[in-house]
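One structure is given below, encoded as structure tokens.
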């Protein structure tokens, strides 16, 4: 397996996300700073988008 | 290096928290603990959590002997009148009351309704909020403790205020019952207090004077409500910023302000049950959790800060300030991480 270090900015907080191995399209990662779940949507250039999650809604 | 510390007026909640924190401080030996009303009694009669942990008796304040640090935990208005005596007993004095929080005697009179009893001492005071005044604390001999609500508001807003980004702000502050102190009152009586959400200060809370002193003359007001919680403060500040800000901008501003702070954590996640600050997980901890969100439709920024009012809002900040003034590791005695569930 190819070993490399690639980085991309978190689209939520701008923190640098580091991949120790070559990322795969569709791979899910988590930002260590803001905790947001991210999805790799493009490999060249390496692009991350915020993964969709169900939101809390307590209204009645 | 071991220093001696004595606590004056130690029968209240902040005195109890100082005892708990200093009892595990690697560089401090608690010398004397005074309480006029409890003189001669063991401290666990008043602070039952310290039973078997600290073997000390309360003494009369008149019997307190010279030591390295005096912590004063007397009611507001009592400390200033005796300050010269206590400064002659302690090489350093940390006063946890409101008497020395405001630098200007005229401002004090405006907010506390009487002449300051020791205006000449005000020139020597350093406000004990390390995140803003660390350099001044390094050689301070007279340190003022912080207001708990003021601490939550100040830390929530500091990254915005120091960059001139606040046009107007209204802070909604929710507080626990221990803020009212150990003496009972009509508002703290259990049948009145339990399960209520009681707004006791809809505007013009005294702690706003501290916030303005620390952050500059920003346009701020606050509504403070007592909720069904023993410890804790949550400040939710609604900010009209001077320019449009994005979530990324806010991360940058808060990181720049707090990245190196040992006791400030940024809690601003998109998901999860604990994505924004909650004082419940800070019980017993000296941490301040700050967070933010932006309504991209209106541009309104919501800035939050949660603390334990008795620790980061009182005794913990006082010990952190003492650590800086005395050359200890700033974290000494203060590394308890809080409880979950609490």
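All of the numbers you see were taken from the coordinates with simple rules; none came from a lab. The structure displayed is predicted, hence computed values, not measured ones. Glycine gets a Cβ as well: all are built from the backbone with ideal geometry, and neighbour counts include every protein chain shown.
Potential lengthening of the chain between residue B:111 and residue B:260 amounts to 50.3 nm, from the contour at 0.36 nm per residue minus the alpha-carbon distance. The stretch between residue B:62 and residue B:23, if pulled fully straight at 0.36 nm per residue, gains 11.7 nm over its current Cα-Cα span.
A full extension of the chain between residue B:198 and residue B:296 corresponds to an added length of 32.2 nm, given 0.36 nm per residue minus the alpha carbon distance. Remark: spin-label model distance residue A:58-residue B:167 equals 3.1 nm, labels positioned 7 Å along the Cα→Cβ axis. Relative contact order of chain B, taken over Cα pairs closer than 8 Å and 6 or more residues apart, is 18 percent.
Extending 7 Å from Cα along the Cβ direction at residue B:124 and again at residue B:49 yields two label points whose distance is 3.2 nm.
For the pair residue B:242 and residue B:89, a Förster radius of 45 Å applied to the C-beta separation gives a FRET efficiency near 0.40, rounded to the nearest 0.05. Over chain B, the alpha carbon radius of gyration divided by the compact-protein estimate 2.2 N^0.38 Å works out to 0.96. Each 10 Å bin from zero holds the following percent of Cα-Cα pairs in the protein assembly as shown: 5, 21, 30, 23, 12, 6, 2, 0.
Approximating the spin labels as points 7 Å out from Cα along Cα→Cβ, the residue B:134-to-residue B:39 distance works out to 4.3 nm. Note on chain A: percent of Cα-Cα distances in each 10 Å bin, starting at 0 and stopping at the bin with the largest distance, equals 23, 50, 18, 7, 2, 0. Within the range B:148-307, the proportion of Cα pairs with more than 30 Å between them is 14 percent. Taking the helices alone, the protein assembly as shown has a mean residue ellipticity at 222 nm of -6000 deg cm²/dmol, built from -39,500 (n - 2.57) per DSSP H run of at least 4 residues and averaged over all its residues. Can you compute the label reach from residue B:271? Point 7 Å from Cα along the Cβ direction, backbone N cut-off under 17 Å, restricted to the range A:12-44. Correct set: A:12-13, A:26-41. Inter-chain neighbour count for A:9-17: the average number of beta-carbon atoms from partner chains within 10 Å of each residue's beta-carbon is 4.
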